[in-house]
Amino acid sequence: MSPPAALMESPIAASAGLKQNVLSSGTLPVMGESQTKLLDMFGGKWDQFNFAPIRESQVSRAMTRRYFQDLDKYAESDVVIVGAGSCGLSTAYVLAKSRPNLKIAIVEANVSPGGGAWLGGQLFSAMVMRRPADAFLNELGVPYEEDLENPNYVVVKHAALFTSTLLSRVLSFPNVKLFNATSVEDLITRPSPNGNPKDTRIAGVVVNWTLVTLHHDDHSCMDPNTINAPVIISTTGHDGPFGAFSAKRLVSMSSVDKLGGMRGLDMNSAEDAIVKNTREVTKGLIIGGMELSEIDGFNRMGPTFGAMTLSGVKAAEEALKVFDERKRECAE
Ligand code: AHZ
């Protein structure tokens, strides 16, 4: 039996040993007296306060018109990202920023996007990232602390600071639409030219409101909707009630023989393996993040998130290759 880790390793530097990283590129704005006019505007005048009048139908139309326009626009997307966890959002950020002309739909089963990245391990606040994933934090402008005695990792004081910043950046891109509370229930497929199920091409996703997806067993048939796209990026996390969705579907449709199955925790091997192997697993379908551990049988890494961001960078790179290749094929 191995001795408790505390007996083997020197203690983590106390907070005095942590250096606050000051970012030139994007220190987040801090609310201060000089930066908010809201108190001047509203303070002490609540007696005269009124909202501008509105008719209820205007609220309804303001929401539904936009949503139905988005459903129409994104029914043919350039890229669909399944799952808005740390990997899916990182992928969306890199893709949307590098190709502003791509139409990117993100489909997230949960009401709240972010997956498991709102907290660190065991529901603690801090998020640890091993270098060189600090490059992703620098790009976003998320501040972090460095351990002066160990330069190999950095710490964001609260995982929610990373996730909320990433999410707000992604949602600000005009070429991205997030469909949350919406589940991918199936993949759209095209037969392989040679009849081999392994060469089946993925041509889109089948979606439904998550609340409907959860009730297929106790309601009469409730048919889904569809989104076509030449590139799907699946980042649905490791196996669970919703996780590893595409990986499991590829097995049931015989595109992949069997799942490798996620292995026990080994931070060092797991993070490198996930990033390096993020790829097009089946024609038209890229898998990244922890979902890949179920396909390939990689270890899990537990509460260190660098691989999720850099798997997102690799997924974006792969997606651009696949997209450009498909465009060339269509032009021929
Ligand atoms: O709701 C899911 C979550 O937000 C969403 N999702 C799953 N199935 C879906 C479906 N349709 C639409 N059928 C679906 N959305 O996918 C998101 C996955 O996020 P995640 O945080 O679970 O996965 P990730 O790969 O981005 O990050 C994994 C984080 C982990 S787990 C882990 C370990 O256990 O060792 N270590 C890390 C860093």
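The values are calculated or read from the model by the stated rules, or taken from the named source; none is laboratory data. From a predicted model like this one, the values you see are computed outputs, not experimental measurements. Methodologically, a virtual Cβ is constructed for each residue, glycine included, from the backbone with ideal geometry; neighbour enumeration extends over all protein chains shown. Ligands, DNA and RNA are excluded from the accessible area calculation, which covers all protein heavy atoms including side chains. Shrake-Rupley method; radii C 1.70, N 1.55, O 1.52, S 1.80 Å.
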Go through (1) within 15 Å of the ligand (Cβ to nearest atom); (2) acidic (Asp, Glu); (3) modelled with pLDDT of 95 or more one by one and return the number of the condition Asp239 breaks. (3)
Of (1) outside any loop (DSSP other than H, G, I, E, B); (2) open to solvent by 80 Å² or more (accessible area, probe 1.4 Å); (3) modelled with pLDDT of 95 or more, Lys198 satisfies every one except (3)
In segment 289-313, the residues that are closer than 13 Å to Ser234 by Cα and either open to solvent by less than 10 Å² (accessible area, probe 1.4 Å) or part of a helix (DSSP H, G or I) (or both): Gly289, Glu291, Leu292, Ser293, Glu294, Ile295, Met308, Ser311, Gly312
For segment 166-178, how many residues are in contact (Cβ under 8 Å) with a residue 24 or more places away in the chain and either charged (D, E, K, R) or open to solvent by 10 Å² or more (accessible area, probe 1.4 Å) (or both)? 8
In segment 242-260, which residues are within 13 Å of the ligand (Cβ to nearest atom) and either among the acidic types (Asp, Glu) or surrounded by fewer than 23 Cβ atoms within 10 Å (Cβ to Cβ) (or both)? Phe242, Gly243, Lys248, Arg249
For Ser192: the one exception among (1) more than 26 Å from Pro100 (Cα to Cα); (2) open to solvent by less than 50 Å² (accessible area, probe 1.4 Å); (3) more than 14 Å from the ligand (Cβ to nearest atom); (4) part of a helix (DSSP H, G or I): (4)
Matching residues, segment 151-160, being crowded, with 19+ Cβ neighbours inside 10 Å and under 17 Å from the mean Cα position of the chain (by Cα): Ala159
So Phe179 ticks every box in (1) more than 13 Å from the ligand (Cβ to nearest atom); (2) modelled with pLDDT of 95 or more but one. Which box is left unticked? (1)
Working only within segment 120-150, note down all residues that are open to solvent by 60 Å² or more (accessible area, probe 1.4 Å) and part of a loop (DSSP other than H, G, I, E, B). Phe124, Arg131, Pro132, Leu148, Glu149
Subset of segment 78-99 [outside any helix (DSSP H, G or I), more than 6 Å from the ligand (Cβ to nearest atom) and closer than 12 Å to Gly312 by Cα]: Ile81
What single numbered condition from (1) open to solvent by 10 Å² or more (accessible area, probe 1.4 Å); (2) within 16 Å of the ligand (Cβ to nearest atom); (3) among the hydrophobic types (A, V, I, L, M, F, W, C); (4) in contact (Cβ under 8 Å) with a residue 40 or more places away in the chain fails to hold for Val206? (4)
Exactly one of (1) within 15 Å of the ligand (Cβ to nearest atom); (2) within 20 Å of the chain's Cα centre (by Cα); (3) surrounded by 15 or more Cβ atoms within 10 Å (Cβ to Cβ) is unmet by Thr213. Its number? (2)
